[in-house]
Amino acid sequence: MNFVFFFLWKGCFMRCEKVNLNVFIDAWFSHDFTNLSKEDFDIVYSEYIDLTGLYNSKEFELFTYINYLKNRIYTAKTLVWAQLIFFETFKVPYIDGFELFERIGHKVKWEEDEKKFISQMNKISSMTRAKELELRRKEFEFGQLRDAKKEDKPEIQSRHEFIKMLNSFSKEGYRIDREKTTVEELALMIKAVQDESTRLTAERLKTR
């Protein structure tokens, strides 16, 4: 009984450590299951996703960026509205509030000219509308990602994206031989790069 259990456990444990990249690519993108059965490919593919964290990191990246866009849009709209109300009341802008615009990437100045000042506010409003379009695109992309997750059909990479990723890794000094490098080894490389990218992205967002 113990022998049977050990045999089953060993057979199911990390098949991706035994599959090289050429076999994996053929099965994934060409649906060529000559060297890897469809059943085994499904297991290896699941292990690949779990090890890389590609799905979770992409979801997290989109979620973080969507919230960044929402905050930036809300802040820009609020600042423009407050300045226009202040100007309408006192016939001058609230100059001490200009530094708040700089925090979201806009430089505002007062040149004793109402038309120029209003033009600056309109320009910021126009750029904010462009951000709103970007926000809707990202929300749609995020929705598609969540739907794919519910349907258990996460489309992580196209063949082109996968090959491009391998080439970029090689340029960065990673040693990748499609006949020798296993799916497990590649997955761990990707995970390390993704973790570093997520860390740097979070740091950049904090400073904005």
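Look at VAL19, VAL92, VAL183, VAL193 and count the other Cβ atoms within 10 Å of each Cβ; fewest to most, that gives VAL92, VAL193, VAL19, VAL183.
Cross-linked pairs LYS70/LYS164; LYS109/LYS138; LYS171/LYS191: Cα-Cα separations exceed 25 Å for LYS70/LYS164; LYS109/LYS138. Across segment 56-153, Cα pairs under 8 Å and at least six residues apart give a relative contact order of 36 percent. Using the Cβ-Cβ distance between ASP147 and PHE63 with R0 set to 22 Å, the FRET efficiency from 1/(1 + (r/R0)^6) comes to roughly 0.90. Convex hull volume of the Cα atoms of segment 56-153, normalised per residue: 84 Å³.
Taking other C-beta atoms within 10 Å as the exposure proxy, ASP42, ASP96 rank ASP96, ASP42 from fewest upward. When each of THR128, THR89, THR52, THR75 is scored by the number of other beta-carbon atoms lying within 10 Å, the sequence from fewest to most is THR89, THR75, THR128, THR52.
Quick note: the coordinates plus some simple rules give every number you see, no bench work behind them. Since the structure is predicted, the reported quantities are computational estimates derived from the model, not experimental observations. Counting neighbours? That spans all protein chains shown, and the Cβs are built from the backbone with ideal geometry, glycine included.
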